[in-house]
Amino acid sequence: MGKTRSAKWDDGEGPVHFTARRCELLRSGPRRLNDKIEEVCRDQSGWAICPVDPNRLLEFFPTLHLRSGYVMHAYQYASGGNGNAFVFVQKAAEEFPAPQAYGDIDSDDSDPPRPPNAAAKPLSTIELDGTAWSYISASIFAREFAEFGAMWHGIDWGDHKIVDGRPTHVPNSRGKTSRSMTQIQDGNGWTWHVAEPEDWRPTVWLTLNEVKVEFFSYTAQGSCRIEQHADVFKGRNAEFHSETTIVASGPGGFVY
């Protein structure tokens, strides 16, 4: 990363810290969109244009906007209550056909139909207002973008919960915590793979050439674990390089 320097932000001095609660609130709107998709698609099978407009994701991220002249579209795959959507960004004037227009398409979601003129790096078309909050918003938006339309076995990020302190209750589906799951209720049941963080808060740093976002989440999908997410931005858009480290693991977990 290079040496961190104090820098003047539009909304304060860097590094800038945020609460997990504020970050989690950003996710409530996208979750409602996914609930609507699941309501419509749970009994469907195959490919279709997603019944929920993916452009609505940006309604919940006021410091982000789509580059002028572009629009988001999505294809939805569903099968047996499982599913994923695949979001594409293209120029607004270009056609977005039904998936059947591509002829024979796979019967699963391993190779989704792709519009020929879709942006190769869709997150690069999502522009930030330059505040520290816009960068952490972009980190969360990118994960919600990838998770759009996820149902049942398609869910991954949706089962994570952003935290700003040592978790004391394991999360179940969609990142909600359950006090009936008491394997680590006292917060001491973790096996630490690196040193326990001194500061858990979601944080944004500005260095000479880049912006770094760091936050922690925990999930019990598959196995109970705490993850550290480090995202590095080189420009004022939502394209970034990300590294994830498993900080700690605990007993228990769930599968779908």
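The values are calculated or read from the model by the stated rules, or taken from the named source; none is laboratory data. Here the structure is a predicted model, which is why all the values come from computation and not from measurement. Cβ atoms come from the backbone with ideal geometry, glycine included; neighbour counts cover every protein chain shown.
Brief remarks follow.
- One residue stands out among those in the range 60-70 that are closer than 24 Å to SER28 by Cβ and out of contact with any strand residue (DSSP E or B) (no Cβ under 7 Å at 6 or more places or on another chain): the one that is surrounded by the fewest Cβ atoms within 10 Å (Cβ to Cβ), which is PRO62.
- The set of residues in the range 222-239 being closer than 19 Å to ALA142 by Cβ and part of a strand (DSSP E or B) consists of GLU227, GLN228, HIS229, ALA230, ASP231, VAL232, PHE233, ASN237.
- Checked across the range 236-246, the condition of being at pLDDT below 95 and among the hydroxyl-bearing types (Ser, Thr, Tyr) holds for no residue.
- For GLU214, the stated conditions do not hold, so it cannot be described as over 26 Å from MET151 (Cβ atoms) and assigned to a loop (DSSP other than H, G, I, E, B).
- Odd one out for ALA120, checked against (1) out of contact with any strand residue (DSSP E or B) (no Cβ under 9 Å at 6 or more places or on another chain); (2) part of a helix (DSSP H, G or I); (3) not charged (D, E, K, R): (2)
- If you go through the range 83-122 and pick out every residue that is surrounded by 15 or more Cβ atoms within 10 Å (Cβ to Cβ) and either under 21 Å from the mean Cα position of the chain (by Cα) or among the charged types (D, E, K, R) (or both), you end up with 13.
- Subset of the range 190-217 [closer than 22 Å to TYR135 by Cβ, in contact with a Pro (Cβ under 9 Å, 6 or more places away or on another chain) and aromatic (Phe, Trp, Tyr)]: TRP205, PHE215, PHE216
- For the range 46-69, the criterion of being at pLDDT below 95 and over 24 Å from the mean Cα position of the chain (by Cα) is met by at least one residue.
- The residue pairs whose first member lies in the range 66-85 and is charged (D, E, K, R), whose second member is buried (at least 16 other Cβ atoms within 10 Å of the Cβ), and whose beta carbons are closer than 6 Å, counting only pairs six or more residues apart or on different chains, are ARG67/THR125; ARG67/GLU127.
- Test for ASP199: is it assigned to a loop (DSSP other than H, G, I, E, B) and either at pLDDT 60 or above or among the hydroxyl-bearing types (Ser, Thr, Tyr) (or both): yes
- Answer from GLY154, GLY175, GLY130 - the residue that is at pLDDT below 95, under 22 Å from the mean Cα position of the chain (by Cα) and closer than 24 Å to HIS241 by Cβ: GLY130
- Checked against the criterion of being crowded, with 21+ Cβ neighbours inside 10 Å, touching a residue at least 40 places away in the same chain (Cβ under 8 Å) and farther than 16 Å from ARG67 by Cα, the range 123-132 has at least one qualifying residue.
Results for (1) out of contact with any helix residue (DSSP H, G or I) (no Cβ under 8 Å at 6 or more places or on another chain); (2) not hydroxyl-bearing (Ser, Thr, Tyr), shown as yes or no for each residue.
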{"position": "VAL194", "(1), (2)": "yes, yes"}
{"position": "GLU198", "(1), (2)": "yes, yes"}
{"position": "PRO202", "(1), (2)": "no, yes"}
{"position": "GLU227", "(1), (2)": "yes, yes"}
{"position": "ASN237", "(1), (2)": "no, yes"}
{"position": "ALA248", "(1), (2)": "yes, yes"}
{"position": "PRO251", "(1), (2)": "yes, yes"}
{"position": "TYR256", "(1), (2)": "no, no"}
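- Unmet criterion (only one of (1) in contact (Cβ under 8 Å) with a residue 12 or more places away in the chain; (2) under 26 Å from TYR256 (Cβ atoms); (3) out of contact with any Ser or Thr (no Cβ under 7 Å at 6 or more places or on another chain)) for SER110: (1)
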